[in-house]
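The values are calculated or read from the model by the stated rules, or taken from the named source; none is laboratory data. Keep in mind the model is a prediction, meaning the values are calculated, not measured. Please note: Cβ atoms are built from the backbone with ideal geometry, for glycine as well, and neighbour counts cover all protein chains shown. Surface areas here come from the heavy atoms of the whole protein model, side chains and all, with no ligands, DNA or RNA. Shrake-Rupley method; radii C 1.70, N 1.55, O 1.52, S 1.80 Å.
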Amino acid sequence: MKLQDSLKKQIATLPVYETGKPIEYVAREFGLDPDGILKMASNENPLGPSPKAVEAVQKHLGGLNYYPDGGCYELKQELAKVRNVKPSQLVVGNGSNEILEFIPQCFVEEGDNAVFGAQSFIVYKLATIFAGGECRSVAMPNLRYDLDAMLDAVDEKTKIVFMANPNNPTGCVVPQDEVSNFVRALPDHVIFCYDEAYTEFQEQEVDLLPLINEGRNVICLRTFSKIYGLAGLRIGYSYSSEELAGYINRVREPFNVNTLAQVGAIAALDDAEFVNESRRSNRAGMKQLSEGLEELGLEHFSEGANFVMAKVPDAAGTFVSLQKKGIIVRPNVGYGLPDWLRITIGKPEQNQRLLDELKKLFR
Ligand SMILES: *Cc1c(COP(=O)(O)O)cnc(C)c1O
């Protein structure tokens, strides 16, 4: 028998998640000095990691012979205060990505489905297929969610509705009242999985805690990868009802979150200065990039996250041309948006460098 024949069928057909191209890959491929390469491809924080987190991580290096705290006790105490929930309502993951995998693993069986936007975070699709479920991916006209169509896609076999707000990769934002009304319109048997990866970049964060407290099946996910600048540590968390958190905690491995990630996250939570500066810098960068793209006559879209979508002629060719100049952006072919590049907002001089290269290409 061939190995392939014993493979689960959902694994055989699983689409590949294309990550942002690492700096070292581009350096090798184009013969460039890695130090001169600018990565604007994975929505990482251009200001670096939270300095408080770095200090905490350095302090704990000597304890790496010990297993981490599998229950993330101290971190959960802090998160509980910040989110105004009980520690038992939390799940901590090796990135919020891991928790996104856990949710379908807990609830989706063959014959079940999950609903999400066609141009929303690809992990929703991967996690659903991986669990053996059917994907109902709903068209997103003009890069925005069609909430009515999403509701229409829900049926008695729908276990989960996923939504990232602000969305990745399109960057659209759904206001509080529209999200709340949408959740209230969902049938009881559906879990609303609300991904807040970019929420801290908003002036006004959408708050679904009241819906959780009302007893709705809502789970909110946050990450330390974006505004806290800790993508390399791999840590994120969810808050929900105690019951839902309890089920998800059953499927995770005992030590899924490493020691450095835990102490780094605790310190980062306390680094208001860094968070505020990141938010401020992001806002200024969004304005700079939007205005620059406008000047170049390029269609662009950005409402609230830490990236901008730009529609460029020959996006695939532009992606390569920019790499030759040492700039990595993100193509969106896998999302069915082959004409669009997603550009992570950088520091002023980085944004300018990108705009200058685009100018050479398009003017
Ligand atoms: C970046 C991102 C995450 C966070 O992923 P981590 O695993 O925590 O690094 C989650 N959802 C969306 C939509 C994202 O863009």
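Scanning the range 141-170 for residues that are in contact (Cβ under 8 Å) with a residue 24 or more places away in the chain and part of a helix (DSSP H, G or I), we see that the one that is most open to solvent (accessible area, probe 1.4 Å) is LEU151. For GLY36, the criteria (1) open to solvent by less than 40 Å² (accessible area, probe 1.4 Å); (2) under 30 Å from GLY304 (Cα atoms); (3) touching a Pro at 6+ places or on another chain (Cβ under 8 Å) hold in every case but one, which is (3).
Checked against the criteria, GLU109 counts as touching a Lys or Arg at 6+ places or on another chain (Cβ under 9 Å), open to solvent by 50 Å² or more (accessible area, probe 1.4 Å) and either in the same structural domain as LEU230 (by TED's automatic domain parsing) or more than 25 Å from GLY336 (Cβ to Cβ) (or both).
Taken across the range 245-254, residues that are within 14 Å of the ligand (Cβ to nearest atom), outside any helix (DSSP H, G or I) and closer than 21 Å to THR128 by Cα do occur, with at least one present. Of all residues in the range 116-140, those being within 16 Å of the ligand (Cβ to nearest atom) and in contact (Cβ under 8 Å) with a residue 24 or more places away in the chain number 15.
Residues that are surrounded by fewer than 24 Cβ atoms within 10 Å (Cβ to Cβ) and of a type outside the set (Ser, Thr, Tyr) within the range 223-232 comprise ALA231, GLY232, listed in sequence order. Selection of the range 1-32 for residues being over 30 Å from ALA127 (Cβ atoms), exposed (fewer than 13 other Cβ atoms within 10 Å of the Cβ) and touching a residue at least 60 places away in the same chain (Cβ under 8 Å) yields only GLU29. Filtering the range 24-51 to residues that are in contact with a Leu (Cβ under 9 Å, 6 or more places away or on another chain) and away from the ligand (no atom under 16 Å from the Cβ) leaves VAL26, LEU38.
State all residues of the range 308-363 that are in contact (Cβ under 8 Å) with a residue 40 or more places away in the chain and at positive phi; if no residue qualifies, say none. Result: GLY326, GLY336. Give the range 103-121 a look and list any residue that's within 15 Å of VAL251 (Cβ to Cβ) and either touching a strand residue (DSSP E or B) at 6+ places or on another chain (Cβ under 7 Å) or not hydrophobic (A, V, I, L, M, F, W, C) (or both), or say none. Those that are within 15 Å of VAL251 (Cβ to Cβ) and either touching a strand residue (DSSP E or B) at 6+ places or on another chain (Cβ under 7 Å) or not hydrophobic (A, V, I, L, M, F, W, C) (or both): ILE103, PRO104, GLN105, PHE107, VAL108, GLU109. Within the range 183-231, count every residue that is assigned to a strand (DSSP E or B) and within 10 Å of the ligand (Cβ to nearest atom). Qualifying residue count for the region: 4.
Could you check, for the range 76-87, whether at least one of its residues is in contact with a Pro (Cβ under 9 Å, 6 or more places away or on another chain) and small (Gly, Ala, Ser)? So far as the range 76-87 goes, yes, one or more of its residues are in contact with a Pro (Cβ under 9 Å, 6 or more places away or on another chain) and small (Gly, Ala, Ser). Is it fair to say GLU273 is out of contact with any strand residue (DSSP E or B) (no Cβ under 7 Å at 6 or more places or on another chain), part of a helix (DSSP H, G or I) and open to solvent by 20 Å² or more (accessible area, probe 1.4 Å)? Answer is yes for this residue.
Let's see how each residue does on (1) part of a helix (DSSP H, G or I); (2) touching a Ser or Thr at 6+ places or on another chain (Cβ under 6 Å); (3) surrounded by fewer than 19 Cβ atoms within 10 Å (Cβ to Cβ); (4) outside the structural domain of ASN43 (by TED's automatic domain parsing):
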| position | (1), (2), (3), (4) |
| --- | --- |
| LEU260 | yes, no, no, yes |
| VAL263 | yes, no, no, yes |
| ARG280 | yes, no, yes, no |
| ALA284 | yes, no, yes, no |
| GLU294 | yes, no, yes, no |
| ALA316 | yes, no, yes, no |
| SER321 | yes, no, yes, no |
| PRO338 | no, no, yes, no |
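Every condition in (1) in contact (Cβ under 8 Å) with a residue 40 or more places away in the chain; (2) under 17 Å from SER120 (Cβ atoms); (3) open to solvent by 20 Å² or more (accessible area, probe 1.4 Å) holds for GLU178 except the one numbered (1).
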